[in-house]
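Chemist: Can you read through this structure? Questions will come right after.
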Amino acid sequence: MNKRPAPQPLNHRHPQRRSRFAIIVIAGLIAALATSGLVAFGAFHNNGQDGLAAVGPVASEHGFPVWYKDTNNVRLELCLDIDTYCLLTNADVPFPDQPLSVHTGNFPAEAFWMAADSFIEVPGGVNAALVLALEAAFANENPIQGDQVAFGRVRIRVENLQLGQTYRITHPYGVDTFTVEEDVVKDINFTEDIGIGAYTGPLNSRIGPFLRWDPAVSPAAPTGYIGDPGIEHPVIGSPYNTNFFMIEGPGLRQPGDPNGCPGRESDPNCAYTNLFALSGKYATNAGVDIVSTLYNRSSTGATTLHVYATSESGQAIEVDGASFARTQAIGEGGNYFASIALPANAAPEQVTVWNRSDTPPVSKTATPIDIVTISRAEYTIAHNATTGATLGTLVVEASSSDQFNDPVLTIEGRDVALVNGQATITNMTAPPQYVTVRSTAGGWDTEQVRVGGDTYPPIPVVAAAGANQTAIQGSLVTLDGNQSQGEVTDWQWTQIEGPSVTLSSPNSPVTTFTAPANPGTEPMTLRFSLTVEGPGGPSSNEVTVTVPATAAPEANAGADQQAVRGATVRLDASASTNAVSYSWTQQSGPSVVLTGASTATPSFVFPLRTDYSSADTATTIVLALTVNGPGGSDTDTVQITSRVDSVTIVSAQYTATSQQWRVRGTAAIEGQGNRAYVYQGTTCPAGPNGLRTDVPQFIGVADVVAVEGWEIRQTGPARITNTTPNNRVSVCTSAGGRQLNFTYRVR
């Protein structure tokens, strides 16, 4: 196992995280998965079912949720204390002695509701880092209002693993399994960010319930916090009771090394820790969100304000404004409501909603809007049988709750204003499913459109007899009307010109006939009509078939070819003229099986080599084509010659500790199905089906790829016998190339 330097500490401010994060957001991923040097073939996710339960209101000072709550009813706020237990220092904000605010840019580029790191470091063995976090960040890293994002993160990085081996990683939020496929610095480099987008997104991540310091282990967590990130400590909170970080797989540590698994300390294939650096702060504030502020105003000017808000249950929610006294909102299950009488004909003013239970009290402001109600949204279809046009008329009726000022109502997307509460749009080709009416006083309503009137007529039938053709006398001619349009109920083929022929199926979409003899010197013209019945019918269309004068056929078996052994060879006699039938036979070369020997385009597989005792030479197969037609017959031949391949071993190595072969090389024939077979020893065993893989000395096989050549990485013991010289490998290709007796290196 190769040893590499220990990894740098994997904290949340790792520069790779920031550069990758911007890419994730720009790509618009809801769930981002980044891997390097591995394939993840198995994982189970929490998906929030036993994790996070709810997200709180958005804080006005930074635009992130005030809290997230898990299924254990633990609420955590964004941890923003500097130089305490929140992973923030004076260097993380421009002005640490001033209030934190996104609006002024005085805010860290990332912060956390919860952050948990765990590390496994074994001298001479595995180095691993685990990050579990519920994180707040910005789409373009810098704190800018509108760029806020939140997500749940699971990150796993492990070094010093063995190539080709599978590793199982267990942590508080699940199990992930990886197979190492590349020899890179971080053999496992996995990041999963879920939730980027709406603040409800992290509820679907694997983060949750929140981890907390295990109260049974001293010291206790600092008051108000779930832990101290400066002290590694056991935790609780895993929904699977896996409050540890464990890696299982080959060659992680030596017996006696630290970080052994409980009860398996002597097992070199298991590494473990139950210590985490943990940060998070219990939420003390509940915050408040304004759902809507709506007003009703009668024709006499009497005005009533309705305010809807949300917070945690049991909060003191109040509403105030310039023209009315502070009013208590009534709550039920976290939903709050207040109904307030405004002075007669008072203009809508900004309303402030407070949560007086918070310390200090927090507030949100909003401007009331009117209530728009759509009472009618109907679309009537009308079909004009004369012109064939099918158009419709949309009628929309709506009203505003402001009956005193009568604000303007407009159909969204149509720039059509309602007059006396109604708008009519004519000559529409199709109705919208929904219509939205907006008011200049801020309100809106959306309603599904009801559709009535005529229905759409069926598609009229249109006959299509197909393209004009040329046919050799005596050949079978096919007339195809399947391109006809509409719901055809009846088909009728009739001949309208030329010597009479017999149609096989004159009342079907497809019919055939035999082209008649043309003993003259000029082409013969046959004309047919297809008539179809159905909606809007009947409809007719014509097609012409031309039969040239009698002429002797001329065979053309195609150009001579070169082919790769084992590849499919395709022959083409379509350039033959005046041919009615085709017959292919083999004249020389190793026997092949022709598929489609009585067609113009047969094929066969070029035989593989069965003996690699000598260097490859070209093999030629000769095939003869005979065509028949009204004017007689003709024969032509074609030669297919195998391409000669050459193969070279560039390097060959066997690593004794991991029993791994690594052999690389090139070949003259790249791609085209060519494969390199590597054997220990001085020969390449072959049978009637080509190179053998069922012999003990077989090491592996790889495709020959353009530019890269071929490479074999295979785990298995070296086989040294009296008949197999030590340190020798041979390679042969399916295309016929070989290199024997190459010395490999043993590590």
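Chemist: Rounded, prolate or oblate: which one fits region 130-233, using the alpha carbon gyration tensor with axes a ≥ b ≥ c (rounded when a/c is under 1.5, else prolate when a/b beats b/c, else oblate)?
Modeler: Note, shape of region 130-233 comes out oblate.
Chemist: Kirkwood Rh over alpha-carbon pairs of region 586-701, then Stokes-Einstein at 37 °C and 0.692 mPa s: what D in µm² s⁻¹, rounded to an integer?
Modeler: D, rounded to a whole number, is 186 µm²/s.
Chemist: Still on this model: What whole number of Å gives the distance from the Cα centroid of region 647-698 to the Cα centroid of region 226-242?
Modeler: Using only Cα atoms to place each centre, the spacing works out to 51 Å.
Chemist: Let me ask something else about it. At 0.36 nm per residue, minus the direct Cα-Cα distance, what do N689 and Q659 gain on full extension? Give it in nm, one decimal, please.
Modeler: 7.8 nm
Chemist: So if R0 is 60 Å, what FRET efficiency would Q492 and A615 give, r being the distance between their Cβ atoms, rounded to the nearest 0.05?
Modeler: Once the sixth-power term is evaluated, E becomes 0.30.
Chemist: Mind putting a number on the dipole of region 74-198 about its Cα centre? Charges go on the C-beta only, +1 for Lys and Arg and -1 for Asp and Glu, and I need it in Debye to the nearest 20.
Modeler: Dipole of region 74-198, to the nearest 20 debye: 300 debye.
Chemist: Taking every pair of distinct Cα atoms and averaging 1/r, then inverting, what Kirkwood hydrodynamic radius in Å comes out for region 647-746?
Modeler: Its Kirkwood hydrodynamic radius stands at 13.3 Å.
Chemist: In addition: Rounded to whole Å, give me the distance from the Cα center of region 251-270 to that of region 356-383.
Modeler: So the two Cα centres are separated by 62 Å.
Chemist: Here's a follow-up. For the chain, what is the calculated [θ] at 222 nm in deg cm²/dmol (nearest 500), taking -39500 (n - 2.57) for each run of four or more DSSP H residues and dividing by its residue count?
Modeler: -500 deg cm²/dmol
Chemist: At 0.36 nm per residue, and after removing the present C-alpha to C-alpha distance, how many nm does the segment from S508 to H383 gain when stretched out fully?
Modeler: Gain on extension, S508 to H383, equals 41.7 nm.
Chemist: What is the spin-label model distance, in nm, from D267 to T682 if the labels are put 7 Å beyond Cα along the C-beta direction?
Modeler: In this crude spin-label approximation the distance works out to 4.8 nm.
Chemist: What shape does region 561-642 take by its C-alpha gyration tensor, where a ≥ b ≥ c are the square roots of the eigenvalues and a/c under 1.5 counts as rounded, a/b above b/c as prolate, and the rest as oblate?
Modeler: Since a/c reaches 1.5 and a/b is larger than b/c, the shape of region 561-642 is classed as prolate.
Chemist: Using the charge dipole of region 599-677 (Lys, Arg: +1 at Cβ; Asp, Glu: -1 at Cβ; taken about the Cα centre), state which of I640, S614, G629 has its Cα farthest towards the positive end.
Modeler: S614
Chemist: Also: In the chain, what percentage of the DSSP-assigned beta bridges are antiparallel, given to the nearest 5?
Modeler: 95 percent
Chemist: Another question about this same structure. Thinking of region 420-522 as a set of Cα atoms, what percent of all their pairs are more than 21 Å apart?
Modeler: 61 percent
Chemist: Is region 469-547 rounded, prolate or oblate when judged by the Cα gyration tensor, a ≥ b ≥ c being the square roots of its eigenvalues, rounded requiring a/c under 1.5 and prolate requiring a/b larger than b/c?
Modeler: prolate
Chemist: Work out the FRET efficiency for Q433 and I144 from their Cβ-Cβ distance, taking R0 = 30 Å, and round it to the nearest 0.05.
Modeler: The pair Q433/I144 has a calculated efficiency of 0.25.
Chemist: Only four residue types carry charge here, +1 at the Cβ of Lys and Arg and -1 at the Cβ of Asp and Glu. Report the dipole size of the chain about the Cα centre in Debye, rounded to the nearest 20.
Modeler: With only Lys, Arg, Asp and Glu charged at Cβ, the dipole is about 2340 debye.
Chemist: OK, next. For the chain, build the charge dipole from Cβ charges (+1 Lys, Arg; -1 Asp, Glu) around the Cα centre, then report which of Q485, C261, L409 sits farthest towards its positive end.
Modeler: Going by the Cα projections, it comes out as C261.
Chemist: Could you sort 559-571, 424-436 so that the peptide with the highest average Cβ count within 10 Å comes first and the rest follow in order?
Modeler: 559-571, 424-436
Chemist: Additional query: Given the Cα-Cα distance of R450 and Q98 and 0.36 nm per residue of separation, how much length would full extension add, in nm?
Modeler: 121.0 nm
No value in this document is a laboratory result; all are computed from the given coordinates. Every value quoted in this text rests on a predicted model; they were computed, and no experiment measured them. Reconstructed Cβ throughout: ideal geometry from the backbone, glycine too, with neighbour counts over all protein chains shown.
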